[in-house]
Amino acid sequence: MIPNILTLLVFLPLLGALIVLTIPNEHKNVIRSIAGITSFVTLIISIIVWSNFNRGLSGMQFAENYTWIDLGFVSFNYELGVDGLSMPLLVLTTIVTFLAVVASVTIKDRVKEYFVWMLILLTGMLGVFVALDMFLFFLFFELTLIPMFFIIGIWGGKEREYAAFKFLIYTGLGSALMLIAFFAMFYQGAMASGQPTLNFLALAEIYGNPAYAGMISNAFKAGLFLTLFIAFAVKLPIFPFHTWLPDAHVQAPTAASMILAGVLLKMGAYGLLRVGFGILPDQAANFAYLIAILGVVNIIYGALLALVQKDLKKLVAYSSISHMGIVLLGAASFTTSGMQGAIFQLVSHGFIAALLFFMVGAIYERTHTRMIEELGGLSKTIPILAGFLLAAAMASVGLPGMSGFVSEFLAFMGIFWASPDVIPAAKTIAVIAALGIILTAAYLLWAMQRTTFGQLHQSHAHLEDARPIEYVPMVCLLGLIILIGVYPAILGDVINTTVIDIVSKIGG
Amino acid sequence: MDLDLYLNSYVYVIIFLLLGIALPVGGLTFGKLLRPHNPYPDKLVPYESGILPTGDAQVRFSVAYYIVALEFVIFDVETVFLYPWAVALDHLGWFGINAMLIFIVVLGLGLAYSWKKKVLEWN
Amino acid sequence: MDLVNMIIYAVTVLGLLLGAVTYAILFERKVIGYMQVRIGPNRHGPWGLLQTIADVMKLLMKEDIIPSQADRKIFMIAPIIAFAPAYMVLAVISWSENIYAADLNIGVLYFIGISSITTIGVLMGGWSSNNKYSLMGAMRAVAQMVSYEIPLVLAIIGVVILAGSLNLRDIVFAQQDLGVWFIIPQFLGFVIYMIAAIAELNRSPFDLPEAESELVSGYHTEYSGFRMAFFMLAEYVYAIAIAALATTLFLGGWLGPVLPGIVWFLLKMCLFMFIWFWLRATLPRVRVDQLMSFGWKVLIPLALLNIVITAVIKVWMG
Amino acid sequence: MTAFNADWSLMTPEIVLAVLALTVFTIDFTTGIRGKKPFIGTLSVISLLVTIVLVVIFNQTPGTIGSTFVVDPFAMLFKIVILLGVALVIVNSMSYLDKHDDMYQGEFYSLLLFAALGAMLMVSSADLITLFIGLEILSISSYCLAGFRKHQAKSTEAALKYVILGGTASAFILYGMSFMYGLTGSTSLLEIGAAMPTLYAQYPFLIMMSLFFMVAGLGFKISIVPFHMWAPDVYEGAPTPITGFLTAVSKVAGFAIMIRILAVGFGGIYDQWYFVIAVIAALTMIVGNTVALVQTNIKRLMAYSGIAQAGYLLVPLAALLNIHISLSMIVYYAFAYVFMTLGAFAIISYVTEKENDEEISSFAGLYRRSPFLAHSMTVFLVSMAGLPITAGFVGKVYIFLGVMTSQMVWLAVIMIVTSTISFFYYFGIIKQMYMRAPKEEDSMLKAPTSISLIVTISLIGTFGLALFANMLTNYMNGLNWIIL
Amino acid sequence: MRMVPITLYLALAAILFCIGLYGVLTRRHLVIVLVSVELMLNAVNINLVAFSSIGPFANITGQVFTLFVITVAAAEAAVGLAILIALYRNRKSIDVIKQDLMRW
């Protein structure tokens, strides 16, 4: 094993970014290949980590721990580690990013800058998933803002600046809340235990230790959890904090949309699970009902809005909101299967949304329109692209044999069998949520019906079908979707131990 | 006792002040009884060598005046430091000399500077 | 009871002062007359002794004209502001060992501080007249007075160092103790003081502000009658005050053999007055640029040098 | 008399700087008043560097000169910040002065050196008189510098506003000080501090009033709300490097004495006033950040940003923390602040001069015209916004952590929400640089060496302070900051 | 002789200070504004001197302070006037209201 492999993983893209910086602007292909190689190597490393990951352990693996900034009363540490929760997301990140980099061949303008930001973004995202110190986590979390701002703002659509600023401010405010919650948590933890620490695991122990329960009131914990929940809800995004998402997704360039939907949203979910559920499981259980309801609202609300969208990309964006509801639902159930479903959904949606956005991007590149009514009959001119689009939509709907089915199934099962102590009307919720899934099927199928089939638009008669390079993301993503769909254990055995660990904390 | 003397001295000052004001006021009031009072416009015209004055007299002056005023303000205030120092020199000894030498050198530099900037030249 | 005595003293000083000014003017005219081989005033009274009194009477009965364009209030109070300080500074002069009024421990500072107010009176008079000559005269007067105030003040510091006090009486006593008048150890200071004092007083050869060949009558061109008289009075009172100060600082005040202190004091003052009249009769007027640069470039550096030398010697000697 | 046998070597850096400043001044006027004098600029920078070294050498061991002049780590660190800041300002000014023949070069540099001297004196003083003298040396030099482009109406107007309000502020400070003196019979902060608790019990009203006057006056100097109204005007009118000087150096120095007065003089009655400071800090952050949103002039924008930053710097003072921890935060942020602000100002002064336009739009398309400047500016702006991985981020999180542990959550919330709002205007500049086309195509900017030098130093500072923050924080941990 | 109570001096200083502040805030002529600032500083001087001679802890320090205040006031006035002249040359006016090149 390579020592400090996580550090290598996180900072390799940054190194790549530095190398890209030294290359003159003109050598666009060199820049592209370096970026591609960097992200590919990162992917390989993440797979090495994945394969060396000990499935039987619930704790942190590949841990690294150094003191970074010693402030006297507390220190900001450089602490990394992965467990079953972060492991799949880590790999998801590297895969989606690599594919996004590949998909970025369409970027023709200011290539160097673009890839520099892309690689910095990758570092930020990876950092979020491996950081165990609150400060470090926050640092990486914030670090993702800047590249995304640039990518949306420079290479985005017509309303790119507006979207970029909206993204920046919304998620910035979210992070602000997060920081408040983090430090309040730190302070109370330090007061109670006498050990000032910013480490997630140490804090989880302090907050879970009944000896300190007297010092840490339930009301405080409840407030803390709600703050954290709102903070991550912005990123996730949860109704009513979601309004930045459609703008950002629609305006972002294809690759950025892939990453946004594929990874950035997962950071919110990850944070919620890692901090909210990980440190304050009892509060999570207390609020499970609320979370579940919000999850249902997300599903239905996202689906309803998706139903009325005329813009295909917006439709996909709203479908993301809808699908994130499933994550909430699964997590809120506090059953092993529900939690598994949530994590499955994170990964699965990461791939599906990435594929969907890629397809929409690829079609837009050819037809120069995203309006559903202006598209139509694409299967006649570009059958392959249309086929993949359809496949992605099917995956999104939750067709059996694809990853979406597995995750939705697990999540619904979880919520259905949720303990009535945790969620009183679990079955009703499950039923309503299931209705949402029907809505999902409705809008996606309807949209597909109008785009891939139907009347071919005159100007779209002669379009170029998939280019070789485009097969890479398409095939990889679809392959992964199907792989998880038919062989869920590949994911399941990584996450199981951790999931059981989380769920057991509240005795569920 | 000391304080009495001290305050008495200032009573003197006030008496002198009042007298200094009373004399001109009194003189002028008394003079009113004696002097004629017969103004007419031509008499009240400002004197300008016998011809009618042109323009307002309260014009702006050459900037040199301002600069002299500024220089004066600075130097005059610097002397404020020299007086207490001069009185206390007995107690200060060489320390005082050194301190004031520094002060005077800086002051002298300032003077040299304004000299060089031709502030001290009159047009 | 005290207060009555004080007032009596002050009134006496004022009366004597007016008399002194009256005859100082006559003295000046006579001195200059003889120097120019003229007789000077000789019609009123024997030897012209009533000449000035006649002048004052005349001025008293002259019409008081306030120009229509003048700034009335300022125009009216300007002479008062010019006169009062010149008279006030006399409060601290100790005429002899026993004849003195205010025994201020900051006498020198008081003198310098109050006497500068005269400048403001001059400026107010010149400005409020709304006359070009007046204004020019006032500006010149002010520029000159402020420029020479610095060497004047700096020159006195030498004396203060030697005496170790700002009290005018203590300064005289210090000269008594030292056994020598400060004019000897402070000769450089004395010279600077004399030159600066003449310029302060706007007296010849530094009488540019009222150079009659250029500016009619300077800042009080528009003044007539008794108001003008007060400007004149202020000038002479100020001259007397400066002479008194010089006497105290450099010539040992009332010190002197045989004769009573006050006589010595007055004699020394008369000497200064005489020197000023003498200079007026002999020296031509300097040019304005010479005047300014002389003050700043020669007198101030010299005065600073004088301070340094004096201080070093004083500390050296213990 | 302690002044006679005091250990004057403690003052070596100040004395040396004074001598060097006077030397620079003398060389300047003996070589003729006008003309370009790059060597004087170089000499000034060298003087400052020499002084920094001397500060490091001579201020290591704490000591006092007759309880008026103290040398302690607090003073030392602030001196280093100040001197570093002034050195950067001078380097920045060198290229600025090159383009403006109407400015006297030598005077400019010597005034800056005197200002640095005043600031040094100020942060080392433990006596109201010394403190006031230092403050005024700094202020008066600043007034002159603000109006240095005397043929430009804006510059003189700025200077005049500065003089009048600065003078008023001085009067406020002095009025407060006069009561402190009157009630304690001493101008020594140490003695005032010792007497404070009993004094407060006797005359609570007078003490609070004098505190109010001092805070108001010092608040003027460091432009905290509601005493900030002068700042934007002055900053806009002043020559750009001087704007940098005022926002960075002058403000940091003002902070230092405010802290000294509050901590040493009024430390005993901390409970009585911390809340006022907290409210002021909150207002400062809110007003600074929100009004900055509507600015179109880059210098005004930076002025409001500076006001907001002053609010952040004020926060640790208001938080009920151990004074040593508060000071660590303030010093850390001061370092970060100086680097990022002066780096930004170097670029601002260069770009606005080139464009002859101080609107934000003059930055349009900078990425194409000078990638280096655009990227560096981005770093500085990001740092000011408090985003990773910059010194501003670490500093802000540090302060934030502190204020959270003091349980003034409302203040923390205001701090972080307003800094999120600040993204709007900081990224607005970034938007201009990267997302807007330059006014004329192919108008490449070639930054002169001096600008590149400052920018590089500031970049190193901004990143270095973040990545190797430990070097500074380890030093600061357990320091005995202030001689109490 | 009876002493003048210190409160009277303080009241005088306070009044002067307020007059000065009022002048700074309301007067339009810049010279008067500068003079008002000086007035405020002089109020401080009165305070200091009063405390120095009849304050609860009377000592000489206050007078020393006063000297410094006077000096600084002079320097400030000098700089202020110099700037005023420069401004007048640029704008041909020293009216506060007209100094409005910069507004927020």
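Got a sec? Which of A:A441, A:A391, A:A418, A:A395 is modelled with pLDDT of 85 or more, buried (at least 24 other Cβ atoms within 10 Å of the Cβ) and within 25 Å of the chain's Cα centre (by Cα)?
Result of the check over A:A441, A:A391, A:A418, A:A395: A:A395.
How many of the residues in segment A:162-198 are open to solvent by 10 Å² or more (accessible area, probe 1.4 Å), assigned to a helix (DSSP H, G or I) and within 10 Å of chain D (Cβ to nearest Cβ)?
Final tally of qualifying residues: 11.
Restricting to segment C:195-215, count the residues that are modelled with pLDDT of 70 or more and either in contact with a Ser or Thr (Cβ under 6 Å, 6 or more places away or on another chain) or more than 22 Å from C:A303 (Cβ to Cβ) (or both).
2
Taking the conditions exactly as written (away from chain D (no Cβ under 14 Å) and surrounded by 20 or more Cβ atoms within 10 Å (Cβ to Cβ)), does A:S39 satisfy them or not?
Yes, satisfied.
Report yes if D:I164 is under 26 Å from the mean Cα position of the chain (by Cα), without any contact (Cβ under 8 Å) to a residue 24 or more places away in the chain and in a helix (DSSP H, G or I), otherwise no.
When the stated conditions are applied, D:I164 passes them.
Out of all the residues in segment A:204-236, which are within 26 Å of the chain's Cα centre (by Cα) and either outside any helix (DSSP H, G or I) or of a type in the set (A, V, I, L, M) (or both)?
Selection gives A:A204, A:A222, A:L224, A:L226, A:L228, A:I230, A:A231, A:A233, A:V234, A:L236.
Scan segment C:86-99 residue by residue and report those that are within 9 Å of chain B (Cβ to nearest Cβ) and touching a residue at least 40 places away in the same chain (Cβ under 8 Å).
Of everything in segment C:86-99, those that are within 9 Å of chain B (Cβ to nearest Cβ) and touching a residue at least 40 places away in the same chain (Cβ under 8 Å) turn out to be C:A86, C:Y87, C:V89, C:L90, C:A91, C:V92.
Give me a count of the residues in segment D:116-130 that are part of a helix (DSSP H, G or I), under 18 Å from the mean Cα position of the chain (by Cα) and more than 20 Å from D:T243 (Cα to Cα).
Summing the residues that are part of a helix (DSSP H, G or I), under 18 Å from the mean Cα position of the chain (by Cα) and more than 20 Å from D:T243 (Cα to Cα) in segment D:116-130 gives 3.
Examine segment D:337-346 for a residue that is open to solvent by 20 Å² or more (accessible area, probe 1.4 Å) and touching a Phe, Trp or Tyr at 6+ places or on another chain (Cβ under 9 Å), and state whether such a residue exists.
Checking segment D:337-346: at least one residue is open to solvent by 20 Å² or more (accessible area, probe 1.4 Å) and touching a Phe, Trp or Tyr at 6+ places or on another chain (Cβ under 9 Å).
Can you pull out the residues in segment D:116-157 that are open to solvent by less than 10 Å² (accessible area, probe 1.4 Å), facing another protein chain (nearest Cβ under 7 Å) and over 27 Å from D:L211 (Cβ atoms)?
Selection gives D:T156, D:E157.
Could you look through segment C:54-74, keep only residues that are within 15 Å of B:P41 (Cα to Cα) and of a type in the set (A, V, I, L, M), and pick out the one that is surrounded by the most Cβ atoms within 10 Å (Cβ to Cβ)?
Step by step, filter segment C:54-74, then rank; the result is C:A70.
Tell me, which residue of segment C:131-163 that is open to solvent by less than 10 Å² (accessible area, probe 1.4 Å) and of a type in the set (S, T, Y) is farthest from the other protein chains (Cβ to nearest Cβ)?
Per the criteria, the residue is C:Y148.
Name, by its number, the condition in (1) in contact with a Phe, Trp or Tyr (Cβ under 8 Å, 6 or more places away or on another chain); (2) farther than 12 Å from A:V275 by Cβ; (3) outside any loop (DSSP other than H, G, I, E, B) that does not hold for A:F241.
Only one criterion in (1) in contact with a Phe, Trp or Tyr (Cβ under 8 Å, 6 or more places away or on another chain); (2) farther than 12 Å from A:V275 by Cβ; (3) outside any loop (DSSP other than H, G, I, E, B) is unmet by A:F241, namely (3).
Going through D:A346, D:A334 one at a time, which residue ends up being within 15 Å of D:F255 (Cα to Cα), modelled with pLDDT of 90 or more and in contact with a Leu (Cβ under 9 Å, 6 or more places away or on another chain)?
One residue alone meets the criteria, D:A334.
Condition (residue is β-branched (V, I, T), facing another protein chain (nearest Cβ under 7 Å) and within 29 Å of B:P36 (Cβ to Cβ)) applied to segment C:45-55: is it met by at least one residue?
No, segment C:45-55 contains no residue that is β-branched (V, I, T), facing another protein chain (nearest Cβ under 7 Å) and within 29 Å of B:P36 (Cβ to Cβ).
Taking the residues in segment D:163-184 that are open to solvent by 20 Å² or more (accessible area, probe 1.4 Å) and not β-branched (V, I, T) as candidates, determine which candidate is nearest to E:Q63 (Cα to Cα).
D:F172
Go through segment D:91-109 and give me each residue that's open to solvent by less than 10 Å² (accessible area, probe 1.4 Å), closer than 23 Å to D:S458 by Cα and in contact (Cβ under 8 Å) with a residue 60 or more places away in the chain.
Scanning segment D:91-109 gives D:N92, D:S93, D:Y96, D:L97, D:Y109.
Name the pairs: first residue in segment E:27-48 and within 8 Å of another protein chain (Cβ to nearest Cβ) and free of Cβ contacts under 8 Å to residues at least 24 places away in the same chain, second residue open to solvent by less than 50 Å² (accessible area, probe 1.4 Å) and not β-branched (V, I, T), Cβ to Cβ under 7 Å, at least 6 apart or on different chains?
E:L48/D:S178; E:L48/D:Y181; E:L48/E:G62; E:L48/E:F65
Are there helices (runs of 4 or more DSSP H) fully within segment D:267-362 with at least 3 residues that are on the phi > 0 side of the Ramachandran plot and either in contact (Cβ under 8 Å) with a residue 24 or more places away in the chain or under 13 Å from the mean Cα position of the chain (by Cα) (or both)? List them.
Of the helices (runs of 4 or more DSSP H) lying wholly inside segment D:267-362, none has at least 3 residues that are on the phi > 0 side of the Ramachandran plot and either in contact (Cβ under 8 Å) with a residue 24 or more places away in the chain or under 13 Å from the mean Cα position of the chain (by Cα) (or both).
I'd like to check something: does segment D:94-115 contain any residue that is within 14 Å of another protein chain (Cβ to nearest Cβ) and under 14 Å from the mean Cα position of the chain (by Cα)?
Yes, segment D:94-115 has at least one match.
Does C:G19 fit the bill of being within 14 Å of another protein chain (Cβ to nearest Cβ) and modelled with pLDDT of 85 or more?
So C:G19 fits the description; yes.
Can you report the number of residues in segment A:398-411 which are part of a helix (DSSP H, G or I) and surrounded by 24 or more Cβ atoms within 10 Å (Cβ to Cβ)?
7
Those residues that are under 24 Å from the mean Cα position of the chain (by Cα), among the aromatic types (F, W, Y) and at the interface with chain C (Cβ under 9 Å from one of its Cβ atoms), I need them from segment B:80-123; list them, please.
B:Y83, B:W85, B:W115, B:W122
Do any residues in segment D:8-37 that are assigned to a helix (DSSP H, G or I) have Cβ atoms under 6 Å from those of residues that are of a type in the set (K, R), where the two are at least six apart or on different chains, and which pairs are they?
That search, which allows pairs on different chains as well, returns D:F29/B:K116.
Out of all the residues in segment C:174-185, is one or more among the aromatic types (F, W, Y) and part of a helix (DSSP H, G or I)?
no
Against the conditions (1) more than 22 Å from the chain's Cα centre (by Cα); (2) within 24 Å of D:I330 (Cβ to Cβ); (3) open to solvent by less than 10 Å² (accessible area, probe 1.4 Å); (4) within 14 Å of chain E (Cβ to nearest Cβ), where does D:A194 fall short? Just the number, please.
All conditions pass for D:A194, except number (3).
The values are calculated or read from the model by the stated rules, or taken from the named source; none is laboratory data. Please read these numbers as outputs of a predicted model, since none were measured by experiment. Virtual Cβ from ideal backbone geometry, glycine too; neighbours counted across all protein chains shown. Only protein heavy atoms, including side chains, enter the accessible area calculation; ligands, DNA and RNA are left aside. Shrake-Rupley method; radii C 1.70, N 1.55, O 1.52, S 1.80 Å.
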